[in-house]
Amino acid sequence: MGRLMQLVLDLFDAPLVVAPKVKPTLGPFEPGEPLQQVLPAAQYGHPRATRRIQLGHVHVAYAFKRSKRRTIGMAIGADGLEVSAPRWVSVAEVESALLEKSDWIERKLIEMGERQAQLGAARIVWRDGVVIPYLGANLRVVLDSSPALKKGSAQFESAGLDTWPHTLRVGLPLHADAAQIRDAVQAWLMRQAKALFTERLNVFAPRLGVQWRKLSLSSAATRWGSASADGAIRLNWRLIHHKLDVIDYVVAHELSHLRVMNHSPRFWDTVKSVMPDYAVHKRALREQTLPPWA
């Protein structure tokens, strides 16, 4: 049986920025060349840094490793800059490549720092009265230990048409710990997500002339959804934080892969056929900062 093809849609609220490949020039590896001791944090310091370099106006402590790859690799994540290089490439050549990409590295480190600050500010403090994003608006969590609610259950209460925030009443005492509150809220959100995603799949599938077979919820940290050639769809339950138009974009995106299993111009024309303004919602998905779920 051939390998099952699957297309994925990356999640953008936890990005890893990878530099274009850098081809090293041929040069010997100095086997006696020691890696430096782990350095104290510089202006931008990776927690597992083993080398440092000055790039423009900043000092960067970066994690460095040797690998079997054929090019010098650079990636910037939440921890900072990570660099990998073939064993036969000298450290001098690695640093030359870093200097060549110094503007890109500095810009992406600044952007990543700003992104992490946004995530920190958005972090949820799980307690009575906390407000969380739900369908693009705010939902207030209220703890209620009365007999009317089963322990750990959750009940949605509308504040009225087009009025926010609505209330999610959770069957827990005021002294409940953060993990209990988070788990109860997550269980409710996942149920809402499964029901809503199913409804939207059934709306867009006939428009695209495709048939989906199975829906699974994902908790992936790096992707919003995926589609397999056999009709299986996976959608990240945290899409429920976004507005319905954004959810519809991801649903249309994944269903379009059941017709075109790549990201060619024909694929995007397929998405556009059912969502002419998909680019607006694609951008919103990329730009909105969701709170860390922990």
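The values are calculated or read from the model by the stated rules, or taken from the named source; none is laboratory data. For clarity, every value in this text was computed on a predicted model and none was experimentally measured. Quick reminder, even Gly has a Cβ in these numbers, built from the backbone with ideal geometry, and neighbours come from all protein chains shown.
Evaluated against (1) in a loop (DSSP other than H, G, I, E, B); (2) at pLDDT below 80; (3) touching a Ser or Thr at 6+ places or on another chain (Cβ under 7 Å), residue 41 falls short on exactly one condition, (3).
Annotation note: of 266, 283, the sole residue that is surrounded by fewer than 22 Cβ atoms within 10 Å (Cβ to Cβ), out of contact with any His (no Cβ under 7 Å at 6 or more places or on another chain) and over 26 Å from residue 133 (Cα atoms) is 266.
Filtered by the rule that a residue be surrounded by fewer than 17 Cβ atoms within 10 Å (Cβ to Cβ) and touching a strand residue (DSSP E or B) at 6+ places or on another chain (Cβ under 9 Å), region 176-187 gives a lone residue, 187. Only one of the numbered conditions (1) modelled with pLDDT of 95 or more; (2) of a type in the set (A, V, I, L, M, F, W, C); (3) surrounded by 12 or more Cβ atoms within 10 Å (Cβ to Cβ) is violated by residue 195, and that is (3). Residue 236 meets all of the listed conditions (1) surrounded by fewer than 21 Cβ atoms within 10 Å (Cβ to Cβ); (2) on the phi < 0 side of the Ramachandran plot but one, namely (1). Is it true that some residue in region 204-225 is among the β-branched types (Val, Ile, Thr) and within 30 Å of residue 148 (Cβ to Cβ)? No: region 204-225 contains no residue that is among the β-branched types (Val, Ile, Thr) and within 30 Å of residue 148 (Cβ to Cβ).
Could you tell me whether any residue of region 105-125 is modelled with pLDDT of 90 or more and either surrounded by 18 or more Cβ atoms within 10 Å (Cβ to Cβ) or closer than 29 Å to residue 286 by Cα (or both)? Checking region 105-125: not a single residue is modelled with pLDDT of 90 or more and either surrounded by 18 or more Cβ atoms within 10 Å (Cβ to Cβ) or closer than 29 Å to residue 286 by Cα (or both). Scanning region 215-259 for residues that are of a type in the set (S, T, N, Q) and in a helix (DSSP H, G or I) yields a single hit, 256. Of all residue pairs spaced 6 or more apart or on separate chains, those with beta-carbon atoms under 8 Å, a first member in region 142-166 that is in the same structural domain as residue 180 (by TED's automatic domain parsing) and modelled with pLDDT of 85 or more and a second member that is of a type in the set (Asp, Glu) and assigned to a loop (DSSP other than H, G, I, E, B) are 142/128; 143/128. Only residues that are within 22 Å of residue 133 (Cβ to Cβ) and surrounded by 21 or more Cβ atoms within 10 Å (Cβ to Cβ): list them for region 241-263, please. Those that are within 22 Å of residue 133 (Cβ to Cβ) and surrounded by 21 or more Cβ atoms within 10 Å (Cβ to Cβ): 241, 242, 246, 247, 249, 250, 251, 252, 253, 254.
Scanning region 131-152 for residues that are closer than 19 Å to residue 243 by Cα and of a type in the set (Gly, Ala, Ser), which turns out surrounded by the most Cβ atoms within 10 Å (Cβ to Cβ)? Here the residue is 136.
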